[in-house]
Amino acid sequence: MEVVEVPEDSAPRAQFTVNDLDIEILPLIYEIIRSVEKDPYDNTQKAKESQDTSHKILELQKKLDSARAQIKRLPGIEYSKEEQLQKLETLRKQLRLKRELLLKYRNMCTFEVPKVS
């Protein structure tokens, strides 16, 4: 019996959704605004606050770049708004037809098959 190894890349992956996005940037923006609002009197403290603010701005830039990369992984993002709306309408039409068929099949007469003794 031959053993076949399956590479990890070929394993089925779950689809990436909006819930999987990690775009928590508001606390970082809040920290940047608070550090800009501070106005220390000491020049050494000002230099330290300025350096901290610059570091936080770089962190924000990294988070935004990460968010852009994550958003590009979402399914359907390559379609324009009009194309997405058209696909949505098509899917709604299919759903309506399938519901109608399901109701039709439910309401069909059932035939009794006589039992042979």
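Structure notes:
- Residue match in segment 54-61 (condition: in contact with an Asp or Glu (Cβ under 8 Å, 6 or more places away or on another chain) and either at positive phi or without any contact (Cβ under 8 Å) to a residue 40 or more places away in the chain (or both)): yes
- Condition broken by R68, with the remaining ones in (1) over 20 Å from the mean Cα position of the chain (by Cα); (2) at pLDDT 85 or above satisfied: (1)
- Selected residue (only one of K104, K46, K72, K115 is closer than 30 Å to V18 by Cβ and of a type outside the set (V, I, T)): K72
- Selection count where residues are loosely packed, with under 12 Cβ neighbours inside 10 Å and polar (S, T, N, Q), scope segment 55-91: 3
- Meets criteria (out of contact with any Phe, Trp or Tyr (no Cβ under 7 Å at 6 or more places or on another chain), over 30 Å from K38 (Cβ atoms) and of a type in the set (D, E)) for E78: yes
- Q84, sole failed condition from (1) in contact with a Pro (Cβ under 7 Å, 6 or more places away or on another chain); (2) closer than 23 Å to Q15 by Cβ: (1)
- In segment 7-23, the residues that are modelled with pLDDT of 65 or more reach residues that are among the small types (G, A, S) with C-beta atoms within less than 6 angstrom, at least six apart or across chains, in these pairs: I23/A67.
- Looking across segment 36-48, the residues that are surrounded by 10 or more Cβ atoms within 10 Å (Cβ to Cβ) and over 35 Å from the mean Cα position of the chain (by Cα) come down to K38, P40, Q45, K46, A47, K48.
The values are calculated or read from the model by the stated rules, or taken from the named source; none is laboratory data. Every value quoted in this text rests on a predicted model; they were computed, and no experiment measured them. Counting neighbours? That spans all protein chains shown, and the Cβs are built from the backbone with ideal geometry, glycine included.
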